[in-house]
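Below you'll find the structure, written out as structure tokens, and then a few comments.
The values are calculated or read from the model by the stated rules, or taken from the named source; none is laboratory data. Predicted model only: the values in this text are computed from it and were never measured. Please note: Cβ atoms are built from the backbone with ideal geometry, for glycine as well, and neighbour counts cover all protein chains shown. Protein only, heavy atoms only, side chains kept; ligands, DNA and RNA dropped before computing areas. Shrake-Rupley method; radii C 1.70, N 1.55, O 1.52, S 1.80 Å.
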Amino acid sequence: MNNSLFTIADKLIKNHSLTPDEYEQLVSGYSKGLANYLSANAVKVRKNIYSNQVFIRGLIEISNICKNNCFYCGIRGGNHYCQRYRLTPKEIMQCCVEGYELGFRTFVLQGGEDGFYTDEMLCHLISNIKKVFPDCAVTLSLGERSKESYRKLFDAGADRYLLRHEAADKELYEKLHPTGMSFENRMNCLKNLKDIGFQTGCGFMVGAPYQTARHIAKDLKFIEEFKPDMCGIGPFIPHRDTIYAKENAGSADLTCYLLSIIRLIHPNILLPATTALGTVSDDGRERGILSGANVVMPNLSPESARKKYELYNNKLNTGVENAFHIAELKKRMENIGYEVVVARGDVARMRNAECGMKG
Ligand code: 5AD
């Protein structure tokens, strides 16, 4: 047993903060024993705030048309093998109607950077969704837009915005993205979203090409300092039509370990057990929750769209990934002592210092 690593873990549990060097030591010093220690503590702080509740989000993949060409992504604009689609506002509304019936109270509109969806069109759609479902939250995940655009979407009623930062290290960011996409702009977008008042989510892929423990340490420090309300992390999984087709996928173990660390940094954060985690490991969803995650995002998109939104090889879209199989998801969560709830599931607003005082 490496005592100094447990000392670092204890410091994280107590202070919710570490130096980049300490994060790096934790990441590179991964062991089963340390992972168990961190996940037990992560689950404890999560339970104090969110009890045994798991929030669900209905994910609607509105378009796989994208002007960007992120090197790792299956729906990158330059992939001519990808069959493109986009849903109309009417089809998106229909997904919400079906989702509401199933018990979803958050709809996540996610898509590539598709110029078809103007501010005007999105604002109209968002205000419509909020009018028909006033008890629901609308989350957007539509990439980089101008601050004015973000503001309009917020004013139209959108509550949350997910924009993974992808890499907090500029050099790594630039290795994963073509020139024309800028690290500074990505960071600026995140700042704008937060300033406008969105519940804001960032995140990154675990095991991305060229990624080292030092890079992950930077991601963790960024997450600590940026204080996002949500954070999406999942293993990198290669896609056949990218330059990284032959790379190895990221590991479920390391992803779960990082979920625990992120939970300990920000006890109240909304943390999904992602589809990518479920794709690399059959019980990935369960393992994510047992490591400190508290959100799952099953897919509400129409059947015809699902296969086409292929970010990586073999992306799951059946079983518990399918919003229409919510009963199975409920059962699987019950089996590990958790309860899927019908609720908007907003971030618990409390200062970190107050967390862990209860119970
Ligand atoms: N493997 C895992 N995650 C991926 N994403 C894109 N491509 C992949 C991949 N090959 C993630 C990115 C992006 C989100 C929509 O999906 O982090 O932000």
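Tabulated values for the structure
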| item | result |
| --- | --- |
| Count of the range 221-234 residues which are surrounded by 24 or more Cβ atoms within 10 Å (Cβ to Cβ) and closer than 18 Å to Leu26 by Cβ | 3 |
| Residue list for the range 132-162, restricted to those being among the hydrophobic types (A, V, I, L, M, F, W, C) and either open to solvent by less than 30 Å² (accessible area, probe 1.4 Å) or more than 20 Å from Lys227 (Cβ to Cβ) (or both) | Val132, Phe133, Cys136, Ala137, Val138, Leu140, Leu142, Leu153, Ala156, Ala158 |
| So Ser39, is it at pLDDT 95 or above, out of contact with any Lys or Arg (no Cβ under 7 Å at 6 or more places or on another chain), assigned to a helix (DSSP H, G or I) and surrounded by fewer than 19 Cβ atoms within 10 Å (Cβ to Cβ) | no |
| Count of the range 246-284 residues which are away from the ligand (no atom under 12 Å from the Cβ), over 13 Å from the mean Cα position of the chain (by Cα) and among the β-branched types (Val, Ile, Thr) | 2 |
| Pairs, first in contact (Cβ under 8 Å) with a residue 60 or more places away in the chain in the range 108-131, second hydrophobic (A, V, I, L, M, F, W, C) and surrounded by 15 or more Cβ atoms within 10 Å (Cβ to Cβ), C-beta under 8 Å, six or more apart | Val108/Leu59; Val108/Ile60; Val108/Leu140; Val108/Leu162; Val108/Met297 |
| Pair list, Cβ under 6 Å, 6 or more apart: the range 1-22 residue under 19 Å from Ala42 (Cβ atoms), other residue charged (D, E, K, R) | Ile8/Glu22; Ser17/Glu224 |
| Which numbered condition Ile216 fails, given (1) away from the ligand (no atom under 12 Å from the Cβ); (2) open to solvent by 10 Å² or more (accessible area, probe 1.4 Å); (3) under 20 Å from Thr255 (Cβ atoms) | (2) |
| One residue from Leu270, Leu316 being open to solvent by 30 Å² or more (accessible area, probe 1.4 Å) and not acidic (Asp, Glu) | Leu316 |
| Any chance Ala249 is out of contact with any strand residue (DSSP E or B) (no Cβ under 6 Å at 6 or more places or on another chain), open to solvent by 20 Å² or more (accessible area, probe 1.4 Å), in a loop (DSSP other than H, G, I, E, B) and of a type in the set (A, V, I, L, M, F, W, C) | no |
| Of all residues in the range 231-245 being within 7 Å of the ligand (Cβ to nearest atom) and part of a strand (DSSP E or B), the one that is farthest from Gln211 (Cα to Cα) | Gly234 |
| Candidates Lys307, Lys315 - the one that is of a type in the set (D, E, K, R), within 12 Å of the ligand (Cβ to nearest atom) and modelled with pLDDT under 95 | Lys315 |
| Verdict on Leu254 being open to solvent by 30 Å² or more (accessible area, probe 1.4 Å), part of a helix (DSSP H, G or I) and either among the charged types (D, E, K, R) or farther than 30 Å from Ile65 by Cα (or both) | yes |
| Among the residues listed as Ala137, Ala156, the single one being within 21 Å of the chain's Cα centre (by Cα) and more than 16 Å from the ligand (Cβ to nearest atom) | Ala137 |
| Flag for Arg46 being under 20 Å from the mean Cα position of the chain (by Cα) and more than 19 Å from Thr275 (Cα to Cα) | yes |
| Lone qualifier among Tyr85, Tyr81 - being open to solvent by 20 Å² or more (accessible area, probe 1.4 Å), closer than 13 Å to Ile62 by Cα and either out of contact with any Leu (no Cβ under 7 Å at 6 or more places or on another chain) or modelled with pLDDT under 95 (or both) | Tyr85 |
| Residue in the range 99-108 that is within 26 Å of Leu163 (Cβ to Cβ) and within 16 Å of the ligand (Cβ to nearest atom) present | yes |
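Listed here are the residues, each with its yes/no results for (1) touching a helix residue (DSSP H, G or I) at 6+ places or on another chain (Cβ under 8 Å); (2) charged (D, E, K, R); (3) within 30 Å of Glu24 (Cα to Cα).
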| residue | (1), (2), (3) |
| --- | --- |
| His124 | yes, no, no |
| Arg151 | yes, yes, no |
| Ala156 | yes, no, no |
| Asp169 | yes, yes, yes |
| Thr179 | no, no, yes |
| Asn188 | no, no, yes |
| Ile196 | yes, no, no |
